Amino acid sequence: MKLANKKKQNKEKFYKMNLDERLMYLQEKTNLSANDIALLRNPSSLTFVNANRMIENAIGVLSLPLGIATNFVINNKKYVVPMAIEEPSVIAAASKAAKIANVNGGFKAECREALMIGQVQLVSLPVSLATARRRISAHKSEILRIANSKSTSIKAKNLQIKDVFDTSPLKMGKMLVLELLVDTKDAMGANTINTMCESVSSRIEELTGGRAILRILSNYATRRMVKCRAIFSKSDIGGIDVVENILYAYSFAYSDVYRAVTHNKGIMNGIDAVALATGQDFRAIEAAAHAYAARDGKYRSLSNWYKTRSGDLVGELELPLAVGIVGGSASVHPTAMVGLKILGVKTAKELATILCAVGLAQNMAALRALAAEGIQRGHMKLHAKNIATMAGAQNSEIDIVAEKIYDENDVTPRRAKEILFSIRHKER
């Protein structure tokens with residue numbers, strides 16, 4: 001392609017490009033190699049051989065659509081963000097919200113140190129909890145040394161001990177829990193932390209006389225908190241009335257658990273999609289996020305919204321995010337590795353800020369749609385293409401049928417089949 005054509009292409013909106021143009025754009029904007037581009041072209045880049053090594057009893061590979069969210073500026077750095085998701089309108093909505101945020105400098109985000117907690121549960125103690133705590137504390141350095149003998153990079157920095165009182169119906173009695181605080185650096189760290197917990201358990205049993213039952217990390221990563229903030233100009237989101245409606249919607253999500261669950265699901269639409277595209281443990285991320293949403297005893301909105309004196313909308317999102325750029329699927333799954341290259345992240349903290357920003361953008365987009373025009377408009381426009389395909393439409397027929405059933409507000413397989421029959425009958 002000639003240079004003039006390249007310049008012309010770069011000025012085009014990403015969603016208007018064809019596949020070749022999109023991949024060329026990514027290659028120019030990122031450090032993707034020709035081999036990376038070839039992987040993106042191949043929907044079966046994860047071979048069965050590799051899949052069979054990753055899980056047990058493998059029978060195949062399930063693919064998800066992989067797209068790009070544009071317009072993101074996070075801490076003054078521009079990103080094109082890979083998102084793996086099957087739900088329509090999510091990527092477009094996040095991109096639109098990011099564009100609006102850019103008017104006021106984009107997203108500002110920060111991430112705390114990458115500390116994870118590993119837990120060793122002790123039961124059947126022949127001594128008091130206080131005595132067991134003293135014995136463990138007296139051998140703190142030794143326990144940390146044993147834990148750190150299992151890793152050359154990830155390090156246990158400290159330990160803490162807490163009493164846990166059984167509140168379950170079983171009434172199994174008091175437990176003592178040793179918690180290792182582990183600096184995982186740029187890894188998520190699950191496997192190493194589990195190994196550390198197992199390695200120290202026998203010594204703790206010797207010191208206390210108790211039995212170690214569970215020896216595993218906690219996915220409630222409250223020592224890996226990430227925060228993000230953005231300002232959205234009232235004029236860009238539909239005016240002061242839309243801002244007011246969004247604040248009413250946020251108040252609803254903060255106060256009512258039924259609304260809060262759907263509200264937070266929208267946030268996780270963005271976070272999970274980036275997590276999947278970069279090989280993260282999205283189930284752990286989900287579990288920690290929802291636990292944090294209920295940290296005061298009631299499940300609430302993860303995000304906070306308010307307006308400035310001038311009437312602009314401010315969004316804030318804070319949640320625990322345990323992610324990694326080394327180890328796990330991020331270092332095994334070929335497409336996930338390409339996803340990380342597209343982002344160009346250097347640290348796990350940087351990746352966490354991106355996930356948080358996308359979650360906030362997605363939340364704003366959903367609230368704006370609900371407050372201004374209703375959520376179904378964007379959803380149904382894209383869903384119409386799925387209905388057209390289900391009705392048997394092919395190639396150019398899909399767009400024709402989808403547009404027709406959307407305009408008629410009759411997005412049903414029955415109507416799609418009628419229109420498809422009409423199109424093909426006229427062609428004859």
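The values are calculated or read from the model by the stated rules, or taken from the named source; none is laboratory data. Nothing here was measured: the structure is a model prediction, and the numbers come from that model. Cβ atoms come from the backbone with ideal geometry, glycine included; neighbour counts cover every protein chain shown.
Summed over segment 311-366, the residues that are touching a strand residue (DSSP E or B) at 6+ places or on another chain (Cβ under 7 Å), surrounded by fewer than 24 Cβ atoms within 10 Å (Cβ to Cβ), of a type in the set (A, V, I, L, M) and not in a helix (DSSP H, G or I) give a count of 2.
Note on segment 168-186: residues that are under 32 Å from the mean Cα position of the chain (by Cα) and either in a strand (DSSP E or B) or not acidic (Asp, Glu) (or both) total 10. Taking into account only those residues within segment 61-71 that are assigned to a strand (DSSP E or B) and of a type in the set (Val, Ile, Thr), which is nearest to LEU46 (Cα to Cα)? Of everything passing the filter in segment 61-71, ILE68 is nearest to LEU46 (Cα to Cα).
Could you go through segment 195-216 and let me know if any residue there is hydroxyl-bearing (Ser, Thr, Tyr) and in a loop (DSSP other than H, G, I, E, B).
Pass one, segment 195-216, residues hydroxyl-bearing (Ser, Thr, Tyr): 195, 199, 201-202, 208.
Now restrict to residues that are in a loop (DSSP other than H, G, I, E, B): none.
No, every residue in segment 195-216 fails to be hydroxyl-bearing (Ser, Thr, Tyr) and in a loop (DSSP other than H, G, I, E, B).
Restricting attention to segment 139-165, the residues that are out of contact with any strand residue (DSSP E or B) (no Cβ under 9 Å at 6 or more places or on another chain) and part of a strand (DSSP E or B) total 0. For segment 140-153, what are the residues that are within 12 Å of LEU180 (Cα to Cα) and touching a Ser or Thr at 6+ places or on another chain (Cβ under 9 Å)? Correct list: ILE146, ALA147. Within segment 112-130, can one find any residue that is among the β-branched types (Val, Ile, Thr), part of a helix (DSSP H, G or I) and buried (at least 19 other Cβ atoms within 10 Å of the Cβ)? No: zero hits.
Here THR335 fulfils each of the conditions (1) β-branched (Val, Ile, Thr); (2) at pLDDT 95 or above; (3) within 17 Å of LEU64 (Cα to Cα) apart from (2).
Quick one: would you say TYR292 is of a type in the set (Ser, Thr, Tyr), in contact (Cβ under 8 Å) with a residue 12 or more places away in the chain and part of a loop (DSSP other than H, G, I, E, B)? Considered against the rule, which asks whether it is of a type in the set (Ser, Thr, Tyr), in contact (Cβ under 8 Å) with a residue 12 or more places away in the chain and part of a loop (DSSP other than H, G, I, E, B), TYR292 comes out as no.
When segment 360-374 is filtered for residues that are modelled with pLDDT under 90 and over 19 Å from TYR254 (Cβ atoms), the ones remaining, listed by number, are ALA372, GLU373, GLY374. Can you work out which of the residues in segment 47-68 that are exposed (fewer than 10 other Cβ atoms within 10 Å of the Cβ) and of a type in the set (A, V, I, L, M, F, W, C) is farthest from ASN269 (Cα to Cα)? Filtering segment 47-68 for residues that are exposed (fewer than 10 other Cβ atoms within 10 Å of the Cβ) and of a type in the set (A, V, I, L, M, F, W, C), the one farthest from ASN269 (Cα to Cα) comes out as VAL49.
The rows are residues; the columns are (1) outside any helix (DSSP H, G or I); (2) more than 23 Å from the chain's Cα centre (by Cα); (3) modelled with pLDDT of 90 or more.
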{"residue": "LEU32", "(1), (2), (3)": "yes, no, yes"}
{"residue": "ASN35", "(1), (2), (3)": "no, yes, yes"}
{"residue": "VAL73", "(1), (2), (3)": "yes, no, yes"}
{"residue": "SER95", "(1), (2), (3)": "no, no, yes"}
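Evaluated against (1) more than 16 Å from the chain's Cα centre (by Cα); (2) assigned by TED's automatic domain parsing to the domain that holds VAL345; (3) assigned to a loop (DSSP other than H, G, I, E, B); (4) on the phi < 0 side of the Ramachandran plot, GLY105 falls short on exactly one condition, (4).
Remark: ILE423 matches the filter, which requires a residue to be over 30 Å from LYS77 (Cβ atoms), of a type in the set (A, V, I, L, M) and not in a loop (DSSP other than H, G, I, E, B).
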